[in-house]
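**Student:** Sharing a structure here in structure tokens format.
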Amino acid sequence: MTSNIAEQVGLLKRGTVELFREDELARRLTIAAKEGRQLRVKLGMDPTAPDIHLGHTVVLRKLRQFQDLGHKAVLIIGDYTARIGDPTGQNTTRPMLSADQIKTNAQTYFAQAGKILDTTEAKLEIRYNSEWLAEMTPMEIVHLAGKKTVAQMLQRDSFKKRLQADVDVYMHEFLYPLMQGYDSVMIKSDVELGGTDQTFNNLIGRDIQRGYDQEPQIVVIMPILVGLDGIEKMSKSKGYYIGVTDEPADMFGKVMSISDEMMENYFTLLTDLPADKIAELTDPARTHPKEAKVALGKMIVAQFHDAQAAVAAVDHFDKVFAQKQLPDDIPDVVISGASISAAKLLLHCKLVETGGEAKRMVKQGAVKINDKKIADPNTEVTPTDGMVVQVGKRKFVKLRVK
């Protein structure tokens, strides 16, 4: 554990948007070092979807920094609060998830978060908030609700916007941030991490802890990683994401597609490089942007796969894009020789997940068959042996007619 508290605070501040509060963090780190105890660093994750992308890893990487300094990560799986649905950033009420959906998603989270976190028992504690929330009596819920006023809850942007637009806000939605705050009470959180969209919820946790005579947690707010479009936050539903389980070649290719202006943000939030090295890599006078992007892509692939996979991904990218050759490892897809629409062909080849995505990719000009661009998703295609179907710059299949 680093002995210099100022150095620790500097490391933990890196890449953050806000820190509530820096002096409290320094004091608590000092006390923990003197007493030889671990800080309990909380991260709540509602298993509302099964996959983690690089946007999620920004907070997970910060959690890992606390672990590396000797502290314990407490990962809260919000199996109970997920049934309510976090209203953060929503202009409608979130649908409630079933217990089976929550269980399936949570299991996937464990495997993916383990690519970043130290999963040893000494460094990681995993809790489900149904342990305590499902056991609360009606009077205990009333007692919890009495810790905040309606006026304070209506300070949340999403609630204000919905009320201004004459869209209903339901009473159960007020319970979500209160219960998230109660999680901090039950695990005796010293620090809570979250993205900028969780600032309101995390600060509620400080207030709730005070209401239960606990010292309020420090809140560390991390930025939202911008998606591949360079505009909106990284989102699987919108397609602008890099998944932590993406294949190495696909992961590297997606990194190479980001704009030069986004590289500093990605280097800072997704790597451990020092600030002076990042400044060198993102200065076109000192490092060519393509060279910098290749370095970024290799580091990200090596983090989630290995160094050998990173080198192979670079070779694949160079062959397919720089030299405009087809990759050697195009998977085969067996199909009949019957005529089929372009959209249905993409679905058959599993190059897209839905018919809507198939139509969207065609209309965006991202689909080629034997290197010829397809403009209409209803275009009839007669499969032939060896026909190459391509979606975007990284997905290929070769047809084998049975």
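The values are calculated or read from the model by the stated rules, or taken from the named source; none is laboratory data. It should be emphasised that the depicted structure is a prediction, and the values quoted were computed from it without experimental measurement. Here Cβ is always computed from backbone atoms with ideal geometry, including for glycine, and neighbour counts include all displayed protein chains. Side chains included, ligands, DNA and RNA excluded: accessible areas come from the protein's heavy atoms. Shrake-Rupley method; radii C 1.70, N 1.55, O 1.52, S 1.80 Å.
**Student:** For the peptides 376-387, 300-311, what is the packing order when you average, over each peptide's residues, the other Cβ atoms within 10 Å and list the highest mean first?
**Tutor:** 300-311, 376-387
**Student:** If you place +1 on the Cβ of every Lys and Arg, -1 on the Cβ of every Asp and Glu, and leave all else neutral, what size is the dipole of the chain about its Cα centre, to the nearest 20 Debye?
**Tutor:** Dipole about the Cα centre, nearest 20: 620 debye.
**Student:** Could you give me the ³J(HN,Hα) list for segment 7-14, computed from phi with Karplus coefficients 6.51, -1.76, 1.60 and θ = phi - 60°, whole Hz, x at Gly and Pro?
**Tutor:** 5, 4, 4, x, 5, 6, 6, 4
**Student:** Sticking with this one: Do any of K344/K393; K372/K402; K290/K344; K103/K188; K103/K298 go past 30 Å between their Cα atoms, and which?
**Tutor:** Those over the limit are K290/K344; K103/K298.
**Student:** How big is the Kirkwood radius of segment 156-236, worked out from every pair of different alpha carbons and given in Å to one decimal?
**Tutor:** When all Cα pairs of segment 156-236 are included, the Kirkwood radius is 14.2 Å.
**Student:** Then there is this: Using a 7 Å offset from the Cα along the Cα-to-Cβ direction at both S339 and T119, what is the distance between the two label points in nm, to one decimal?
**Tutor:** Result for the modelled spin labels: 5.1 nm.
**Student:** A follow-up question, please. Output wanted: per-residue J couplings in Hz (rounded whole) for segment 361-378, from phi through Karplus 6.51 cos²θ - 1.76 cosθ + 1.60, θ = phi - 60°, x for Gly and Pro.
**Tutor:** 5, 5, 5, 7, x, 9, 10, 10, 10, 6, 6, 10, 5, 9, 9, 10, x, 8
**Student:** Right, next: Which of the GluC sites (Glu not before Pro) found in segment 99-168 are in a DSSP loop and have at most 14 neighbouring Cβ atoms, other than their own, within 10 Å?
**Tutor:** Of the GluC sites (Glu not before Pro), the ones in loops of segment 99-168 whose Cβ has at most 14 other Cβ atoms within 10 Å are E121, E135.
**Student:** Figure the gain on full extension for D157 and E357 (residue separation times 0.36 nm, minus the Cα-Cα span) and round it to one decimal in nm.
**Tutor:** 68.9 nm
**Student:** Right, something else. Run the numbers for K319 and Q164: contour at 0.36 nm per residue of separation, minus the present Cα-Cα distance, in nm.
**Tutor:** Extra length from K319 to Q164 when fully extended: 50.4 nm.
**Student:** For D100 paired with E280, estimate the spin-label separation in nm (one decimal), with each label point 7 Å from Cα along the Cα-to-Cβ line.
**Tutor:** Inter-label distance under the simple model: 5.6 nm.
**Student:** Follow-up question, since we're still on this one. Rounded to the nearest whole Å², what accessible area per residue is found for the chain with the 1.4 Å probe? Please list the in-between numbers first.
**Tutor:** Numbers: 19600 Å² over 402 residues.
On a per-residue basis, the chain sits at 49 Å².
**Student:** Separate question: Using the per-residue mean of other Cβ atoms lying within 10 Å as a proxy for protection, in what order, highest first, do the peptides 10-16, 283-289 fall?
**Tutor:** Values: 10-16: 15.1, 283-289: 11.6.
The densest-packed peptide leads the list: 10-16, 283-289.
**Student:** Using amide H atoms built in the peptide plane, which far-off residues or other-chain residues are under 5 Å from L39 H to H?
**Tutor:** It is K72, by chain and number.
**Student:** At a probe radius of 1.4 Å, what is the per-residue accessible area of L347, in Å² to the nearest 10?
**Tutor:** My reading of the accessible area for L347 is about 70 Å².
**Student:** Listed highest first by mean packing, meaning other Cβ atoms within 10 Å per residue, what order do 33-40, 150-157 come in?
**Tutor:** In descending order of packing, they fall as 33-40, 150-157.
**Student:** Related question: Between M171 and D23, what is the label-to-label distance in nm when each label sits 7 Å out along the Cα-to-Cβ direction?
**Tutor:** 4.2 nm
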